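Colleague: My questions all concern the structure below.
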Amino acid sequence: MHNLPARAACHFRRFVRSWRHERDQLRARQQAAIAELGQFALLEHDVDAVLREAVTRVAGTLDVEYAKVLELLPDGRALLLRAGVGWREGVVGVATISTDLDSQAGYTLRMGPRSRSSLRICTARSVLGWRRFCASMGS
């Protein structure tokens, strides 16, 4: 019984070392992706190609299914899906998202960056906005 706290502490230290190692590997991958994107952007003169490369690298580095770059349209009432990964064919460059407060993009644009404490509110807005957006795109 007396060894239980020592064994638990040993397992905990192993867990923390493993977590730190994974975190450091992720940071290294992120930094490499940023450096490679910077090199690509220096050589590429086509802005659309740079945006496509950026969303591809973000999605790959973060291991997410979807990534997007939104462009605020001149009237300020909508955002164009300028570049994206994971979207149905024909959506990128065509689809728009409202800048009203019901969409995550609109909320972020109007309210500015938020702290972690408001993450739950933003997540709820994201889910609602995501569902509306997908429904409007026929997904």
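Colleague: Can you go through ARG88, ARG7, ARG29, ARG57 and tell me which one is out of contact with any helix residue (DSSP H, G or I) (no Cβ under 6 Å at 6 or more places or on another chain), in a helix (DSSP H, G or I), basic (Lys, Arg) and at negative phi? Before the answer, list the steps.
Modeller: Values: ARG88 fails: in a helix (DSSP H, G or I); ARG29 fails: out of contact with any helix residue (DSSP H, G or I) (no Cβ under 6 Å at 6 or more places or on another chain); ARG57 fails: out of contact with any helix residue (DSSP H, G or I) (no Cβ under 6 Å at 6 or more places or on another chain).
So the residue among ARG88, ARG7, ARG29, ARG57 that is out of contact with any helix residue (DSSP H, G or I) (no Cβ under 6 Å at 6 or more places or on another chain), in a helix (DSSP H, G or I), basic (Lys, Arg) and at negative phi is ARG7.
Colleague: Right, next: Starting from residues that are modelled with pLDDT of 90 or more and in a loop (DSSP other than H, G, I, E, B), keep the ones in the stretch 92-123 and report whichever is farthest from ASP48 (Cα to Cα). If you could, list the steps in order and put the result at the bottom.
Modeller: Our first condition is that a residue be modelled with pLDDT of 90 or more; within the stretch 92-123, this holds for 92-96.
Subset that is in a loop (DSSP other than H, G, I, E, B): 92-95.
Numbers: VAL92: 11, GLY93: 10, VAL94: 14, ALA95: 16 Å.
Applying the filter and picking the extreme gives ALA95.
Colleague: While we're on this one: Output the number of the condition that THR99 fails; it satisfies all remaining conditions of (1) buried (at least 19 other Cβ atoms within 10 Å of the Cβ); (2) among the β-branched types (Val, Ile, Thr); (3) closer than 30 Å to ALA28 by Cα; (4) touching a Leu at 6+ places or on another chain (Cβ under 9 Å).
Modeller: (3)
Colleague: Out of the residues in the stretch 67-76 that are assigned to a loop (DSSP other than H, G, I, E, B) and at pLDDT 90 or above, state the one that is farthest from ALA33 (Cα to Cα). Don't jump to the end; show me each part of the working.
Modeller: Restricting attention to the stretch 67-76, the residues satisfying the condition of being assigned to a loop (DSSP other than H, G, I, E, B) are 73-76.
From what is left, the residues that are at pLDDT 90 or above are 73-75.
On the way: LEU73: 28, PRO74: 31, ASP75: 34 Å.
Checking each candidate, the answer is ASP75.
The values are calculated or read from the model by the stated rules, or taken from the named source; none is laboratory data. Bear in mind that the values here come from a model prediction, so they are computed numbers and not experimental data. Backbone-built Cβ (ideal geometry, glycine too); neighbour counts: all protein chains shown.
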